[in-house]
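Enquirer: To start, I am sharing the structure in question, which I have written as structure tokens.
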Amino acid sequence: MTLLKSGSATWVDSTKPSLTHGAQAQLKLVSGAAYGFIQVGLPADLHKGATVASAKLRIAQVGTTASSRTLTVQRVSAKWLLSKLTWNNKPGVTGSAVAVTQGGGPDGNVWEFDVTADVQLMANGTANYGWRITSAQASALFVRGFTASKWKPVLDVSYSYAPPTPTSLHPSSGAVSITKPVLTYDAGDTATQQRIQVDPAGNGTAPVFDTGWVATTVEEYDLSTSTYAGLALGASTQWRVQVKNVAGLTSAWSAWVSFNRVAKQVLTVTQPPATVYEPTPPFTFTMPDLQRSQVLIYDPANPSKVLHDSGVRTDTVGSYTPNKDVFTKDDTTYTYRVRAWDSVDREQTSGDTSYVQVVGTTTLSGDDTIAAVTNLVASVASPTPWVDVSWSRTNQPDGWAIYRDGVRVHTASTGLELLVAGTTYSWRDQTAAPNRKHSYKVQPVVNSVTGKGGPTAYVTPTGAGVWLLDPDTGTEVVLWGDDGGDWEYGEDTQTYLPIGASAPVLVTTSMRGLEGSWSGELAEVPSLPNYGVDSMEANLYLLKADPASVVRLVAGDLNIPVYLYEITLAPDPASKGGDRVVAVAFSFAQADELPYTAVL
């Protein structure tokens, strides 16, 4: 419903045929001698194609009337202007007259005229010149115009449009694998009722299946809930849809679209087995007409989180090996999904994917028959917060697996990689969080099988200052200062006040890791002769020159990967006695290893 309360209103008088009254607060009506003219602007979105359900013109009288009176409105046939309208040049009328009779009434009594037919014509393209108002009585009656102080004329219009012709029908031109798929379409979210027809020949007069009009809140129809006989393997059919909106208006029928039914092939996963002994086990699988594949591995601690995704790959062999350690927790069961596509043009609908999927599990374990390491020691590489792990083994294995707190954090592809000398091996951990106790185990890898057992070493890394490290280049910097920096977990939020709600709603659209800024200084520290101001300054410039690199930020009890930006170095007044001090500031944003999982 739209209430229109502005427009033009005046009157003309036969006793003064050349007089222009202009905009008037009161319009005088006398049978055959004084007529009122009123024009109301229609809504901008009321145009051809609209169905006008109702249009009521309401005019309030001036003063009290005791006797019965009849007023008539009729559509004006030509243009008129307030500033020029007179009795002599008044336009004619056309269309049906609408008469209303009342038996008297008080000041403000409303006269309501049904002008639905007129407004429908105007919506269809007929010019809107308003209406002429006449009285059947010789005694004058005054009604209010748009300049009246109250009870101005109102045009109350209700209209709507037929819903758009449904488009984007699915399935369409492709194949399904089930006998009764879910049919979906797009009708602009206007459908309150839908009608579906299914027929192999596209016969809309006598289709094989017709739902008739059924209520709906979604733009889809599940054939499995209907009496449709279903589509046989190898057969094809067509379907179409039309909808009604809340006003009961009907859309045109959609175009007929076709689909056929082709059975899915059998996918067999041959690897991994129930137990694996390596962090990147190969996946192998077979399907007769394999064209594409995807392997998904899920986080054991959060089964809805994808730990690794191969992406959809062109694959006719049925083989995939993760390019990084995925299975990292000993004695832990991982869930995986293998998906495969054939060469058939399949459509994905609810309950009928375009791929074949096999869900399986495998458990990462170790082989306790492989000889374990000895002399395992974990120590702090003072003055840094890094941890040095060393161990011995008589026979050099094919590779090494190093675990921190039960999680594999490093894999050496050859036994020689970490050799120090003789039977002694060593590895430096630069990602352990400081000021927290950590456990370390080292397992040999022989013939792609990881060992199990052996000693465990414990250490709590410490380190003064704030450290920056580029793991790729080994560039490291230690900074000093006690301002604490500006740290926060970034979020993007917006506040909305829904219509009718009693309180605002806060909507979070993104959640990020730690971000902020820090400021401190480079200073000479006698106990750290290898970390002089000049060398650290040069290292900072190296980090600044590569803003795209990921750097480890170590402070307090955190060791996190970050992007650095806005690195600033400036002279510091604290420099004295030949000892340089450089003021340093930088901003950072965490790159990975978030402590939470957010699904937005």
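The values are calculated or read from the model by the stated rules, or taken from the named source; none is laboratory data. What you see is a predicted model, and the numbers here were worked out from it, not measured in a lab. Cβ atoms come from the backbone with ideal geometry, glycine included; neighbour counts cover every protein chain shown.
Enquirer: Which residue out of Val243, Val143, Val176 is in contact with a Lys or Arg (Cβ under 7 Å, 6 or more places away or on another chain) and at pLDDT 95 or above?
Expert: Unique residue meeting the criteria: Val176.
Enquirer: Any chance the range 529-545 includes a residue that's outside the structural domain of Trp386 (by TED's automatic domain parsing) and farther than 23 Å from Asp472 by Cα?
Expert: Yes: one or more hits.
Enquirer: Go over the candidates Asp429, Asp388, Asp405 one by one and state the one that is over 30 Å from Ser527 (Cα atoms) and out of contact with any helix residue (DSSP H, G or I) (no Cβ under 6 Å at 6 or more places or on another chain).
Expert: Of the residues listed, the single one that is over 30 Å from Ser527 (Cα atoms) and out of contact with any helix residue (DSSP H, G or I) (no Cβ under 6 Å at 6 or more places or on another chain) is Asp405.
Enquirer: Let me confirm something: among Ile38, Ile133, which residue is aliphatic (A, V, I, L, M), part of a strand (DSSP E or B), modelled with pLDDT of 95 or more and within 20 Å of Thr2 (Cβ to Cβ)?
Expert: Ile38
Enquirer: Does Thr394 count as part of a strand (DSSP E or B), out of contact with any Phe, Trp or Tyr (no Cβ under 7 Å at 6 or more places or on another chain) and of a type outside the set (Phe, Trp, Tyr)?
Expert: It is false that Thr394 is part of a strand (DSSP E or B), out of contact with any Phe, Trp or Tyr (no Cβ under 7 Å at 6 or more places or on another chain) and of a type outside the set (Phe, Trp, Tyr).
Enquirer: Pull up the range 529-548, narrow it to residues that are buried (at least 17 other Cβ atoms within 10 Å of the Cβ) and not aromatic (Phe, Trp, Tyr), then point me to the one that is farthest from the chain's Cα centre (by Cα). Before you say what the answer is, go through the steps one by one.
Expert: Initially, the range 529-548 is screened for residues buried (at least 17 other Cβ atoms within 10 Å of the Cβ), giving 531, 533, 536, 539-540, 543.
Still in the list and also not aromatic (Phe, Trp, Tyr): 533, 536, 539-540, 543.
Working: Val533: 49, Met536: 45, Asn539: 42, Leu540: 39, Leu543: 36 Å.
Only one residue tops the list, namely Val533.
Enquirer: Can you find even one residue in the range 73-81 that is touching a strand residue (DSSP E or B) at 6+ places or on another chain (Cβ under 6 Å), surrounded by fewer than 16 Cβ atoms within 10 Å (Cβ to Cβ) and closer than 20 Å to Val12 by Cβ?
Expert: yes
Enquirer: While we're looking at this one, here's another question. Within the range 550-566, is there a residue that is on the phi > 0 side of the Ramachandran plot, surrounded by 11 or more Cβ atoms within 10 Å (Cβ to Cβ) and assigned to a loop (DSSP other than H, G, I, E, B)?
Expert: yes
Enquirer: Tell me yes or no: at least one residue of the range 489-499 is acidic (Asp, Glu), surrounded by fewer than 15 Cβ atoms within 10 Å (Cβ to Cβ) and modelled with pLDDT under 90.
Expert: Yes, that holds for at least one residue.
Enquirer: Select, from Arg404, Arg339, Arg393, the only residue that is closer than 30 Å to Leu479 by Cα and either touching a Leu at 6+ places or on another chain (Cβ under 9 Å) or at pLDDT 95 or above (or both). Let's see the steps before the verdict.
Expert: On the way: Arg339 fails: closer than 30 Å to Leu479 by Cα; Arg393 fails: closer than 30 Å to Leu479 by Cα.
Answer to the selection: Arg404.
Enquirer: Suppose the filter is surrounded by 16 or more Cβ atoms within 10 Å (Cβ to Cβ), of a type in the set (Val, Ile, Thr), assigned by TED's automatic domain parsing to the domain that holds Val409 and under 24 Å from Ser382 (Cβ atoms); does Thr456 pass it? It would help to see each step written out before you state the result.
Expert: Numbers: surrounded by 16 or more Cβ atoms within 10 Å (Cβ to Cβ): no; of a type in the set (Val, Ile, Thr): yes; assigned by TED's automatic domain parsing to the domain that holds Val409: yes; under 24 Å from Ser382 (Cβ atoms): yes.
No.
Enquirer: Filter the range 8-38 down to the residues that are of a type in the set (Gly, Ala, Ser) and either surrounded by fewer than 18 Cβ atoms within 10 Å (Cβ to Cβ) or without any contact (Cβ under 8 Å) to a residue 40 or more places away in the chain (or both) and list them by number.
Expert: Narrowing the range 8-38 to residues of a type in the set (Gly, Ala, Ser): 8-9, 14, 18, 22-23, 25, 31-34, 36.
Within the range 8-38, Ser14, Ser18, Gly22, Ala23, Ala25, Ser31, Gly32, Ala33 meet the criteria.
Enquirer: Here's something else I'd like to know. Within 22 Å of Tyr159 (Cβ to Cβ), touching a strand residue (DSSP E or B) at 6+ places or on another chain (Cβ under 8 Å), touching a residue at least 24 places away in the same chain (Cβ under 8 Å) and of a type outside the set (A, V, I, L, M), is that true of Gly130?
Expert: Considered against the rule, which asks whether it is within 22 Å of Tyr159 (Cβ to Cβ), touching a strand residue (DSSP E or B) at 6+ places or on another chain (Cβ under 8 Å), touching a residue at least 24 places away in the same chain (Cβ under 8 Å) and of a type outside the set (A, V, I, L, M), Gly130 comes out as yes.
Enquirer: Filter the range 39-57 down to residues that are surrounded by 13 or more Cβ atoms within 10 Å (Cβ to Cβ) and among the aliphatic types (A, V, I, L, M) and give me whichever is farthest from Pro153 (Cα to Cα).
Expert: Filtering the range 39-57 for residues that are surrounded by 13 or more Cβ atoms within 10 Å (Cβ to Cβ) and among the aliphatic types (A, V, I, L, M), the one farthest from Pro153 (Cα to Cα) comes out as Ala50.
Enquirer: Any idea which residue in the range 180-218 is modelled with the lowest pLDDT, counting only those that are among the hydroxyl-bearing types (Ser, Thr, Tyr) and surrounded by 13 or more Cβ atoms within 10 Å (Cβ to Cβ)?
Expert: Taking the candidates together, the pick is Thr190.
Enquirer: When the range 434-451 is examined, which residues are found to be in a loop (DSSP other than H, G, I, E, B) and either without any contact (Cβ under 8 Å) to a residue 40 or more places away in the chain or buried (at least 18 other Cβ atoms within 10 Å of the Cβ) (or both)?
Expert: Result: Pro434, Lys437.
Enquirer: Now for a different question. Across the range 515-543, what is the total count of residues that are in contact with an Asp or Glu (Cβ under 7 Å, 6 or more places away or on another chain) and over 30 Å from Asp492 (Cα atoms)?
Expert: Summing the residues that are in contact with an Asp or Glu (Cβ under 7 Å, 6 or more places away or on another chain) and over 30 Å from Asp492 (Cα atoms) in the range 515-543 gives 6.
Enquirer: Right, another one. If you go through the range 225-254, how many residues are among the small types (Gly, Ala, Ser) and in contact (Cβ under 8 Å) with a residue 60 or more places away in the chain?
Expert: First, the residues of the range 225-254 that are among the small types (Gly, Ala, Ser): 226, 229-230, 232, 234-236, 247-248, 251-252, 254.
When the remaining residues are screened for being in contact (Cβ under 8 Å) with a residue 60 or more places away in the chain, the result is 247, 251-252, 254.
Result for the range 225-254: 4.
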